[in-house]
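This report refers to the structure that appears directly beneath it.
No value in this document is a laboratory result; all are computed from the given coordinates. Note that the coordinates shown come from a computational prediction; the quantities given were computed from them, not determined experimentally. FYI the Cβ positions are ideal-geometry reconstructions off the backbone, even for glycines, and counts take in every protein chain you see.
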């Protein structure tokens, strides 16, 4: 592999990850699945649904955009179109990997892109109104794949489909199931997922199960963009 190719591979790609939280039982639970043993990135690890931003994500219509405070924090990276594109990516990845829909019944205003044909065939437009920008992490240097991932949290009550129906999921994640938040640490997790789960527990503490998920007071940022990793918060 040439030096130019290595450098190109090392550039972090924008990505979106979704933490769907179920708060109907005695303990909050989160939706997770296991990556394949032969996966190029994080093999055999339990993760949240998510993936890289696609070029077409910026042009997909949304029923409702991200909350203004969430969009503002994402836009601090310098790309004004990024908030809605990442929200679209989050909804798309959730649909592709789990078969669950964050959306509302509506007619698409234009030609449906191929990536969204199955979603649109269900009669829905994507909706970012329930997403809360919750965490940001950049994959450390030296990895074959690197991502600049924005994590969003959403309440399972906002899903337009049955939260236990994974019949339309792709095969990218196996063992899709709801995991009690206080038991998730027992799974085979990437380090960053452990950090995110701890932050999620702190975020949910004191929020009533029937209350809307609030916009976080600040967003944790695990920044590996430079030679020294840093952890800070986006105000």
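General observations
- Packing-based exposure ordering (other Cβ within 10 Å, fewest first) of 199, 194, 55: 55, 194, 199
- Evaluated at q = 0.09 Å⁻¹: base-10 log I(q)/I(0), Debye formula over Cα of the chain: -0.35
- For 86, 176, 31, order by how many other beta-carbon atoms lie within 10 Å, fewest first: 176, 31, 86
- Candidates 75, 208, 180: whichever shows maximal mean-square fluctuation once the chain is modelled as a Gaussian network with Cα springs under 10 Å: 208
- The label point for residue 145 and the one for residue 75, both projected 7 Å from the Cα toward the Cβ, are 3.1 nm apart.
- Using C-alpha pairs below 8 Å separated by at least 6 residues, the relative contact order for the chain is 27 percent.
- Extending 7 Å from Cα along the Cβ direction at residue 13 and again at residue 201 yields two label points whose distance is 3.3 nm.
- Most mobile listed residue (182, 223, 26) in the chain, GNM with C-alpha springs under 10 Å: 26
- As a proxy for reagent exposure, 72, 32 were ordered by neighbouring Cβ count within 10 angstrom, fewest first; the result is 72, 32.
- Segment 162-180 versus segment 71-106: alpha-carbon centroid distance in Å: 19
- The simple Förster model, with R0 at 22 Å and r as the Cβ-Cβ distance, assigns residue 162 and residue 104 a FRET efficiency of 0.85.
- Packing rank of 61-67, 17-23, 158-164, where each peptide gets the mean count of other beta carbons within 10 Å, highest leading: 17-23, 61-67, 158-164
- When each of the peptides 105-118, 133-146 is scored by the mean number of other C-beta atoms lying within 10 Å of its residues, the order from highest to lowest reads 133-146, 105-118.
- Over the chain, DSSP H runs of length four or greater, each weighted -39,500 (n - 2.57), average out per residue to a 222 nm ellipticity of -6500 deg cm²/dmol.
- Two-decimal ratio, segment 80-140, of alpha-carbon radius of gyration to 2.2 N^0.38 Å: 1.20
- With each label modelled as a point 7 angstrom along the Cα→C-beta vector, the residue 54-residue 233 pair spans 3.6 nm.
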